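K.L.:
Sending over a structure as structure tokens; questions will come in a sec.
Each value in this text was obtained by applying a stated rule to the coordinates, not by laboratory testing. Note that the structure is a prediction, hence the values are computed from the model and not measured. A quick note on method: Cβ atoms are made from the backbone with ideal geometry, for glycine too, and the neighbour counts reach across all protein chains shown.
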Amino acid sequence: MKRSGPIRRSGGLNPMSAKRRAELNIRSRVRKEVLERDQYKCVAMHLVPDIDCWGPLDVDEIVGRGRGGDWLDPDNCQVLCRAHHDWKHLHPAEATDLGLTKNRMWDP
Ligand SMILES: [Zn+2]
């Protein structure tokens, strides 16, 4: 097929693919759903009482994306404040015991 006129770009120097755009759309819906489900509260607040909640709320994946976790599945997401989010990454073994992180999708 012959193209006429300039190649259409989706804007910017780094145009996003349609797939990426669709994912980001779903992600923003998932974020809202998870925030509402967890009532805009950090789920680690009572699990890790030694750490005071601080900072903006993040929607965090329980099974990380690098481990095959689905960032677009609300069941794989939880609300964490910045302090507990940092704590989780610094204490992976304890976070796993508390269920704040899982290594694989099929872990209980
Ligand atoms: Zn917190």
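K.L.:
What are the residues whose amide H is under 5 Å from the amide H of V63, where those residues sit 5 or more places off or on another chain and H is modelled from the backbone?
P.N.:
Under 5 Å from the amide H of V63 lie the amide H atoms of K102, each far enough along the sequence or on another chain.
K.L.:
Extension gain A18-R82, at 0.36 nm per residue separation less the Cα-Cα distance, in nm?
P.N.:
Numbers: separation 64, 0.36 × 64 = 23.04 nm, distance 3.05 nm.
That works out to 20.0 nm of additional length.
K.L.:
Hey, how much of the P(r) for region 40-108 falls beyond 17 Å, as a percent of Cα pairs?
P.N.:
In whole percent, the share of Cα-Cα pairs in region 40-108 beyond 17 Å is 35.
K.L.:
Once the dipole of region 40-108 is set up with Lys and Arg at +1 and Asp and Glu at -1 on Cβ about the Cα centre, which of H84, N103, V43 lies farthest towards its positive end?
P.N.:
With unit charges placed on the Cβ atoms, the residue in question is N103.
K.L.:
If you don't mind, another one. Run the numbers on region 40-108 and let me know its relative contact order in percent, using alpha-carbon pairs under 8 Å that are six or more apart.
P.N.:
For region 40-108, the relative contact order is 36 percent.
K.L.:
Compute the label zone of Y40 within region 62-79: residues whose backbone N is under 17 Å from the point 7 Å along Cα-to-Cβ.
P.N.:
79
K.L.:
Hey, another quick one. Report the extension gain between L90 and S28 in nm, rounded to one decimal, defined as 0.36 nm multiplied by the number of residues separating them, less their alpha carbon distance.
P.N.:
Result: 19.7 nm gained on full extension.
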